[in-house]
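The next block holds one structure in the form of structure tokens; read it before the comments.
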Amino acid sequence: MEVAVKFPTTLAERFEYEEVLRVPASFEEFLDLLLTCEYRIEYDNGEIISFMGFGTEAHEKLTMQIGHLLIQLLNQDLFSVYGSNLALHIPGFKYRYYNADCAVVKGASEKVTLRGSMASTANPVLLVEVLSPSTENFDLGRKLNNYFKIPSLQQVLILETEGEAAVQSYTRHNGGDEWLRRNFTSPTDEIPVLNEGKLLLSNIYKNVNLLPAS
């Protein structure tokens with residue numbers, strides 16, 4: 001397809017473009033690219049989206065550490081913790097394809113077929129986004145607002161990678177459409193997670209060298 005020719009599919013090709021790449025395409029063209037693309041891509045509002053900022057050690061270490069801490073905290077007979085390649089289904093939007101840096105599902109996964117064996121997960125209870133300069137506006141804007149539309153979702157954690165250690169926690173209030181935001185910035189702060197326990201902010205950021213504030 002024409003868009004597949006224009007859109008870079010290898011990492012070597014992708015590095016020739018700007019940090020943020022948006023290409024108009026149909027959802028079918030996007031699904032075709034998923035089969036061959038060497039890096040993570042998302043689909044939103046009629047565009048294939050790629051954020052290709054340099055993978056900093058802070059971002060990658062935080063992603064690994066929060067996943068590890070969630071595995072330790074949550075009962076693995078009840079909860080499953082997934083990495084960044086899990087596709088997420090946004091109800092009411094047939095043509096959306098998002099990934100979070102970390103996703104937690106309680107019980108069996110509910111799947112929505114995209115095409116053939118390709119499917120997205122419809123019932124996460126917790127999503128984690130680790131910010132980076134190239135993705136911050138998208139993660140805290142349209143993407144976060146669409147996450148809030150997932151009926152099963154109970155909490156979103158946003159981890160900062162610049163300046164000081166900080167976590168934003170959004171929790172669904174009384175099972176409705178209202179979300180409560182809390183900011184955690186002290187090393188001794190304990191962050192409640194799904195009413196299953198708490199994570200110490202200093203443990204999340206242990207030995208993480210944050211980037212200077214931009």
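Return only the number of the condition from (1) touching a residue at least 60 places away in the same chain (Cβ under 8 Å); (2) out of contact with any helix residue (DSSP H, G or I) (no Cβ under 8 Å at 6 or more places or on another chain); (3) within 20 Å of Glu136 (Cα to Cα); (4) aromatic (Phe, Trp, Tyr) that Phe51 does not satisfy. Result: Phe51 passes all but (2). Would region 27-42 turn up any residue that is of a type in the set (A, V, I, L, M) and either assigned by TED's automatic domain parsing to the domain that holds Gln155 or farther than 27 Å from Ser109 by Cα (or both)? Within region 27-42 (the criterion being of a type in the set (A, V, I, L, M) and either assigned by TED's automatic domain parsing to the domain that holds Gln155 or farther than 27 Å from Ser109 by Cα (or both)), the answer is no, since none of the residues qualifies. One residue stands out among those in region 1-20 that are among the hydrophobic types (A, V, I, L, M, F, W, C) and assigned to a helix (DSSP H, G or I): the one that is modelled with the highest pLDDT, which is Ala12. Scanning region 91-145 for residues that are outside any loop (DSSP other than H, G, I, E, B), touching a residue at least 60 places away in the same chain (Cβ under 8 Å) and over 21 Å from Phe79 (Cβ atoms) returns Tyr97, Leu114, Arg115, Met118, Phe138, Arg142, Lys143. When residues in region 171-190 are screened for being in a strand (DSSP E or B) and surrounded by fewer than 19 Cβ atoms within 10 Å (Cβ to Cβ), 6 of them pass.
Considering every residue within region 81-88, establish whether at least one is under 23 Å from Leu131 (Cα atoms), hydroxyl-bearing (Ser, Thr, Tyr) and either at pLDDT 95 or above or surrounded by 18 or more Cβ atoms within 10 Å (Cβ to Cβ) (or both). Checking region 81-88: at least one residue is under 23 Å from Leu131 (Cα atoms), hydroxyl-bearing (Ser, Thr, Tyr) and either at pLDDT 95 or above or surrounded by 18 or more Cβ atoms within 10 Å (Cβ to Cβ) (or both). Considering only residues in region 151-161 that are touching a Leu at 6+ places or on another chain (Cβ under 8 Å) and without any contact (Cβ under 8 Å) to a residue 60 or more places away in the chain, the one that is surrounded by the most Cβ atoms within 10 Å (Cβ to Cβ) turns out to be Val156. Which members of region 198-214 meet the condition of being outside any helix (DSSP H, G or I) and either of a type in the set (A, V, I, L, M, F, W, C) or surrounded by 15 or more Cβ atoms within 10 Å (Cβ to Cβ) (or both)? Within region 198-214, Leu199, Leu200, Tyr205, Val208, Leu210, Leu211, Ala213 meet the criteria. Of the numbered criteria (1) among the hydroxyl-bearing types (Ser, Thr, Tyr); (2) surrounded by 14 or more Cβ atoms within 10 Å (Cβ to Cβ); (3) without any contact (Cβ under 8 Å) to a residue 60 or more places away in the chain, the one Thr56 fails is (3). Here Gln76 clears all of (1) in the same structural domain as Val167 (by TED's automatic domain parsing); (2) crowded, with 19+ Cβ neighbours inside 10 Å except the condition numbered (2). Among the residues of region 77-90, the ones that are under 17 Å from Met118 (Cα atoms) and outside any loop (DSSP other than H, G, I, E, B) come to 2 in all.
Among the residues making up region 68-96, those that are within 30 Å of Ala25 (Cβ to Cβ) and polar (S, T, N, Q) are Ser84, Asn85.
The values are calculated or read from the model by the stated rules, or taken from the named source; none is laboratory data. It should be emphasised that the depicted structure is a prediction, and the values quoted were computed from it without experimental measurement. Cβ atoms come from the backbone with ideal geometry, glycine included; neighbour counts cover every protein chain shown.
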